[in-house]
Ligand code: AHG
Ligand code: MN
Ligand code: MN
């Protein structure tokens, strides 16, 4: 069998810059820097009980959630990697209440970076996949033409404005999923060369599925459209759908979405009577995932409208999320109408 030419992340990005003119050098460097930070986080996650990353950090984040040591560490790794490159105006994170402008000792660039440094942190201590999610926006110029002021308002752009989005999964293998607007592509970390190698080019999510992902412990609190959809899935071949469904719930969105990208499926974290606005965060969880899923031919809504069209009101705003195989997402969305 002829050996396949390996395409590394750098080459992939250079092609998007030079040939396709989809990104500029600054955005390319930014994505490379994020990827490098993800490799560092992957190494720390991998140490498990041999490192000092397991367990709680005795602090709470802006959502009132107890931070894990690895939440804090991953946040620091991403901040340190990204503040000096000269391509960012500011960063925002799940783990920080306010956006952080780039320190004045470094040049300021035109991009804004948002991230969930460690997604699925309840899974760290039990050796289940976790990950990092990120979203890149352009910092808008002010109305009078002056350079952008990277305060919270600058970040509040609909997901449609993202210029890049991606996530890493630290699982049995470390995989980086990326979109810069020409489809969704995934790279596997080669532990020998410590580089990301393109392994899943132009991912397409099957339109139909027999697999759903939802935390059923919230069932009694769901709204009627979600209850109806799941009831019909559970009724299987005896119900109106006329086919059996399977269920998966990793409780790490990165792993659940990677499964949806790999073999289809529908992933839902709907609003319910306890989580009135849903549980997941719009700016650094739902928006990047929605762009990645749409770029792979899937759909993402909050039950009413495409996630990417929502006008954000706050950096840490929560949102209901229904994403994955297009026909199933459209069905649940139609039950809401
Ligand atoms: P985070 O660890 O960044 O707070 O996010 C966890 C999220 C998401 O990854 C997952 O889908 C969901 O929370 C799991 O929620 P439940 O524990 O309610 O199942
Ligand atoms: Mn998360
Ligand atoms: Mn997190």
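Read the figures in this text as sums done on the coordinates, not as results from a lab. Just so it is clear, the structure is predicted and the values come from calculations on it, not from any experiment. Counting neighbours? That spans all protein chains shown, and the Cβs are built from the backbone with ideal geometry, glycine included.
Just to confirm my numbers, what's the Cα centroid distance between segment 208-275 and segment 133-178 in Å? So the two Cα centres are separated by 28 Å. One Cα centroid belongs to segment 279-293, the other to segment 1-67; the line between them spans 17 Å. Peptides 309-315, 173-179 ordered by packing proxy, namely the average of other Cβ atoms within 10 Å per residue, highest first: 173-179, 309-315. For 185, 8, 316, the sequence from fewest to most other C-beta atoms within 10 Å is 8, 316, 185.
The simple spin-label model puts a point 7 Å past each Cα toward its Cβ; for residue 138 and residue 210 those points are separated by 4.6 nm. For segment 157-254, the gyration tensor built on C-alpha atoms gives a prolate shape. Its axis ratio a/c (a ≥ b ≥ c) is at least 1.5, and a/b is the larger of a/b and b/c.
Axis angle, to the nearest 10 degrees, between helix 224-235 and the longest C-alpha principal axis of the chain: 70 degrees.
Principal-axis analysis of the Cα atoms of the chain puts helix 69-82 at an angle of about 50° to the longest axis.
In segment 86-186, the ratio of gyration radius to Kirkwood radius, Rg to Rh, stands at 1.03 when only Cα atoms are counted. Projected onto their three principal axes, the Cα atoms of segment 211-336 cover extents of 44, 31, 26 Å, largest first. Under the shape rule built on the C-alpha gyration tensor, where the axes satisfy a ≥ b ≥ c, segment 9-200 is oblate, since a/c reaches at least 1.5 while a/b does not exceed b/c.
Within the listed set 305, 255, 90, the Gaussian network model of the chain (springs between alpha-carbon atoms below 10 Å) gives the highest mean-square fluctuation for 305. If you fit an axis through the alpha-carbon atoms of helix 253-263 and take the longest principal axis of the Cα set of the chain, what angle between them do you get, 0 to 90°, nearest 10? Rounded to the nearest ten degrees, it is 70. For segment 211-336, the relative contact order comes to 27 percent (Cα pairs under 8 Å, sequence separation of at least 6).
In terms of its C-alpha gyration tensor, segment 1-69 comes out oblate, because a/c is 1.5 or above while a/b does not outweigh b/c.
When the chain is treated as a Gaussian network with alpha carbon springs shorter than 10 Å, the biggest mean-square fluctuation among 271, 304, 241 belongs to 241.
Helix-derived [θ] at 222 nm for the chain: sum -39500 (n - 2.57) over DSSP H runs of at least 4, divide by residue count, nearest 500? Counting only the DSSP helices, I get -8000 deg cm²/dmol. Diffusion coefficient of the chain by Stokes-Einstein, Kirkwood radius over Cα pairs, 20 °C, 1.002 mPa s: 105 µm²/s. When the chain is treated as a Gaussian network with alpha carbon springs shorter than 10 Å, the biggest mean-square fluctuation among 307, 128, 205 belongs to 128.
Its relative contact order, with pairs defined as Cα atoms under 8 Å and 6+ residues apart, puts the chain at 15 percent. A Förster radius of 45 Å, combined with the Cβ-Cβ distance separating residue 80 from residue 11, puts the computed FRET efficiency at roughly 0.95.
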